[in-house]
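Everything on this sheet refers to the single structure shown next.
The values are calculated or read from the model by the stated rules, or taken from the named source; none is laboratory data. No experiment lies behind these values; they were computed from the predicted model shown. Heads up, the Cβs are rebuilt from the backbone with ideal geometry, glycines too, and the neighbour counts pull from every protein chain shown. These area figures cover heavy atoms from the full protein model, side chains too; ligands, DNA and RNA do not enter into them. Shrake-Rupley method; radii C 1.70, N 1.55, O 1.52, S 1.80 Å.
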Amino acid sequence: MAKIKHTLPIVAAAVALTVGSITGPAFIQSASAAASEPTAAPTVTPAPDNIFDGRPTAKSPAELLALLGERIKAKDVDGIIALQEPEAAIVNFDGSVIRGQAAIRAFYVEWFKSDPVLTVKPGQTVMAGGWRGWDGQGHDRTASIMGVYTLEQKAPDGTRQSFSGNFCDTVKEQWDGTWLYVQDNPYPPHGGATPPAVAAHH
């Protein structure tokens, strides 16, 4: 690369996370059942793996972060794109936005040329919004994943450079109970502080 740009996808290449499980929609009981009969507890099934490519899917925000980390470590661009909503975005160091799967694909292809090693430590995940179904489960929720990261990557002169910072990513629950990235933001404002002159990225 001609120079290191100022953007970083925030995911742990080697992050150990304890993941929860978001179950999929419950089966609808038969309308022909007599109203006087006792109502059985709803049957709930876990969200399936991706039916199009057989890849595992994320059933919680923590699992989404872990899957993205694994795929960054493997430089699996197709796998990374499979974890993004069609209009997902990555926030650049300068405040500009990389938007949509095609642009995000190009971003990762270029970034991997710097042989990045990324470590993320999530600190807090806040889940909100959506609606609660008759099965008692939340659906269509949004979550913010916040924490800190360190990054080592190759500079244009061939040396290795290290960076650190904060991140605040936005992820969203899909209709089938899986989770996808909406926004990857490694540069959230913190009390109006000025970003470092040399920052992570590619």
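Look at (1) surrounded by 15 or more Cβ atoms within 10 Å (Cβ to Cβ); (2) assigned to a loop (DSSP other than H, G, I, E, B) and you find that Glu152 fails only one, number (2).
Looking at this structure, is Thr125 surrounded by 14 or more Cβ atoms within 10 Å (Cβ to Cβ), among the β-branched types (Val, Ile, Thr), over 14 Å from the mean Cα position of the chain (by Cα) and outside any loop (DSSP other than H, G, I, E, B)? Can you show your working first?
On the way: surrounded by 14 or more Cβ atoms within 10 Å (Cβ to Cβ): yes; among the β-branched types (Val, Ile, Thr): yes; over 14 Å from the mean Cα position of the chain (by Cα): no; outside any loop (DSSP other than H, G, I, E, B): yes.
In short, no.
Residues in the stretch 177-190 include at least one that is of a type in the set (Ser, Thr, Tyr), closer than 21 Å to Lys75 by Cβ and either in contact with an Asp or Glu (Cβ under 7 Å, 6 or more places away or on another chain) or at pLDDT below 95 (or both). Listed by first and then second residue, the pairs linking a residue in the stretch 154-179 that is among the polar types (S, T, N, Q) to a residue that is assigned to a loop (DSSP other than H, G, I, E, B) and open to solvent by less than 30 Å² (accessible area, probe 1.4 Å), with Cβ atoms under 6 Å apart and 6 or more places separating them unless they lie on different chains, are Gln161/Ala155; Thr178/Ala47; Thr178/Thr57; Thr178/Ala58.
Being touching a strand residue (DSSP E or B) at 6+ places or on another chain (Cβ under 9 Å) and either modelled with pLDDT under 50 or not acidic (Asp, Glu) (or both) holds for only one residue in Ala102, Ala33, Ala13, Ala74, and it is Ala13.
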